[in-house]
Amino acid sequence: MTHEICTASNQLEMLHQLFASATHDASAAMCRWTNGLITLSLDEVREIPLQDVCCEVDVGDELLTMVVLCLEGEVGGEMILTFDNHNGRQLAAALLGQDAGTSPEWSDLEKSALTETGNILGCAYMNALTRLINVELVPSAPYFIQDYGASVLQQALMNQAMTSDQALICRTGFHRQGEELNWRVFFVPTEPMRGAMEKALSSASLKHLKTTTGSSQQKDRVPEDKNDGELWSNAP
């Protein structure tokens, strides 16, 4: 039991390192897209019982503005970018260089600004995952939706629910010049995607361990005589 807990903890730590790297790339892309206004930080990578997900990640029961992007295929997942209505319009206005809209309906330009934001973030995450698992990922076109966050998140979790009673959630926060904003990115991988990530990370960790061990053994070796020392110091 203890071994299983340690293994799960190690896997989450490795996944956290992966998503931290992906979030760094996404933050750089977001910073360029918003002229230095917005940055991102990784909030958490957690495994949560399926029935507790909506409560634990606190998506609330209000109507949210969201951009959803899917990685299609068996090795895939969904990225969900969420805003409350006010903050979503503030971002769209900043990107378009105009005052925030006040009409109940979003304009096509406002929707386009947010979907392009989702596209930029999605590509940054996708590129990081592609480098890791060496599998070509095919993203869908991002789409704009206004719905209840719990409903959209539950739909994204349906694939995980078929094979596990636990959900893996990556949550990222947004910041404007140091101020935390009420925006979030959730990435929900499919079970095959999670397996591919864990396999790649375990392989990378094993290679690092072998390299470190080999380097340590080389340093610890004591030359038996002068000639041996000269040969050892010149060895590749």
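No lab work stands behind these numbers, since they all come straight from the coordinates. These numbers were taken from a predicted model, which means no experiment stands behind them. Methodologically, a virtual Cβ is constructed for each residue, glycine included, from the backbone with ideal geometry; neighbour enumeration extends over all protein chains shown.
Assuming R0 = 45 Å, what is the FRET efficiency of LEU109 and SER9, from their Cβ-Cβ distance, to the nearest 0.05?
0.45
Provide, in order from the shortest bin, the percent of all Cα-Cα pairs of the range 14-133 in each 5 Å bin, continuing until the bin that contains the maximum pair distance.
Final binned percentages: 2, 10, 17, 21, 21, 16, 9, 4, 1, 0.
What length, rounded to one decimal in nm, is gained on full extension from ASP61 through to ALA28, with 0.36 nm per residue of separation minus their alpha-carbon distance?
Going from the current span to full extension adds 8.7 nm.
Scattering from the C-alpha atoms of the range 2-211 alone, worked out with Debye: what is log10 I(q)/I(0) at q = 0.09, 0.14, 0.15, 0.19 1/Å?
-0.35, -0.83, -0.95, -1.48
Taking a label point 7 Å from the Cα of VAL138 along the Cα→Cβ vector, which residues of the range 63-84 have an amide N closer than 15 Å to it?
70-77
Between GLN177 and GLN98, what is the FRET efficiency for a Förster distance of 25 Å, r being their Cβ-Cβ separation, to the nearest 0.05?
With R0 = 25 Å, the Cβ-Cβ based efficiency is 0.80.
Which value in nm describes the separation of the simple spin-label points at ARG131 and GLU72, placed 7 Å from the Cα toward the beta carbon?
In this crude label model, ARG131 to GLU72 measures out at 2.6 nm.
Pop out the ³J(HN,Hα) list for the range 86-100 in order, Karplus 6.51 cos²θ - 1.76 cosθ + 1.60 with θ = phi - 60°, rounded to Hz; leave Gly and Pro as x.
Residue by residue, the range 86-100 yields 5, 5, x, 6, 5, 5, 4, 5, 5, 5, 8, x, 9, 5, 5 Hz.
Order of 33-44, 121-132 by packing, highest average Cβ count within 10 Å first?
121-132, 33-44
Towards the positive end of the charge dipole of the range 2-211, with charges on Cβ (+1 Lys, Arg; -1 Asp, Glu), say which of VAL67, ILE120, PHE83 has the farthest Cα.
Positive-end residue among those listed: ILE120.
Can you tell me the FRET efficiency between GLN146 and GLN17 if r is taken as the Cβ-Cβ distance and R0 is 35 Å, rounded to the nearest 0.05?
0.50
Compute the separation of the alpha-carbon centres of the range 154-187 and the range 90-118 and state it in Å as a whole number.
Their Cα centres are 23 Å away from one another.
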